[in-house]
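Shown next, in structure tokens, is the structure this report addresses.
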Amino acid sequence: MSISALVLLSSLATSPAAPEVAPEVSEPPRHQLSLYGRSGASIYLSAARTHGGVGGGFGLRDTVDGRWLLQVDANALTGLGSAFAVRVGAGVQRQGWWAPAALVSLTGLFGDRLDFLTPEHPVAVAGPSVGLGLTLAPARFTLGKAQVSVFELGLGVGTDSPGLGLLYGLTLLEVGVAL
């Protein structure tokens, strides 16, 4: 062997090994948009009106850093006539495959309703029924790019001046997929 070959082999043998790269921990994306469909019921009850029904709809959710939720959805409801519910919410979820969540939601109900004329409300209350409330989703699961939630409960309060109304919400099934 030549001297240059020996020098080359000895330099290769004594050179430091490439540093080992630690396996990467999967970080959630900064923003993860998902489209979801839901079925359930929403009803607004006050001394002046009853508004809502059962049905379903679609929504768009942004999950920020895998934990914070921003969402908006629209739902068609029937039962007390034809009603339309729009919900905007923000909340927090647990990270991982079991992802229970709590959200603060503002819900507006539009369309057909039952109005009650009373001494406090001699004429029908104008405008949509609007309630601000809390939604709890204890049975939410993330399976890859899919999210599934069953049996979400919501309770809110709205104003039918004078007086208050209560907004109840129940989601039987919500299924989403990340875009």
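The values are calculated or read from the model by the stated rules, or taken from the named source; none is laboratory data. As the structure is a prediction and not an experimental result, all values here were calculated from the model. All Cβ positions, glycine included, derive from the backbone under ideal geometry; neighbour counts span all protein chains shown. Accessible surface areas use protein heavy atoms only, side chains included; no ligands, DNA or RNA. Shrake-Rupley method; radii C 1.70, N 1.55, O 1.52, S 1.80 Å.
If you scan region 37-74, which residues turn out to be over 12 Å from the mean Cα position of the chain (by Cα), over 12 Å from Gly111 (Cα atoms) and among the polar types (S, T, N, Q)? If the condition is that a residue be over 12 Å from the mean Cα position of the chain (by Cα), over 12 Å from Gly111 (Cα atoms) and among the polar types (S, T, N, Q), then Ser39, Ser42, Ser46 are the ones that fit. Here Ser34, Ser39 are screened, and the one residue that is within 20 Å of Leu172 (Cβ to Cβ) and either assigned to a loop (DSSP other than H, G, I, E, B) or open to solvent by 30 Å² or more (accessible area, probe 1.4 Å) (or both) is Ser39. Considered as a group, the residues in region 95-130 that are open to solvent by less than 80 Å² (accessible area, probe 1.4 Å) and in contact with a Phe, Trp or Tyr (Cβ under 6 Å, 6 or more places away or on another chain) include one that is nearest to Leu45 (Cα to Cα), and that residue is Ser129. Scanning region 61-91 for residues that are hydrophobic (A, V, I, L, M, F, W, C), out of contact with any Lys or Arg (no Cβ under 9 Å at 6 or more places or on another chain) and either free of Cβ contacts under 8 Å to residues at least 40 places away in the same chain or open to solvent by 60 Å² or more (accessible area, probe 1.4 Å) (or both) yields Trp68, Ala76, Leu77, Phe84, Val86, Val88, Ala90. Before we move on, is Phe58 part of a strand (DSSP E or B), over 14 Å from Ser129 (Cα atoms) and at pLDDT 95 or above? Yes; evaluated as a whole, the condition is true for this residue. Out of all the residues in region 78-91, is one or more hydrophobic (A, V, I, L, M, F, W, C), assigned to a loop (DSSP other than H, G, I, E, B), at pLDDT 70 or above and touching a strand residue (DSSP E or B) at 6+ places or on another chain (Cβ under 7 Å)? Yes, some residue in region 78-91 is hydrophobic (A, V, I, L, M, F, W, C), assigned to a loop (DSSP other than H, G, I, E, B), at pLDDT 70 or above and touching a strand residue (DSSP E or B) at 6+ places or on another chain (Cβ under 7 Å).
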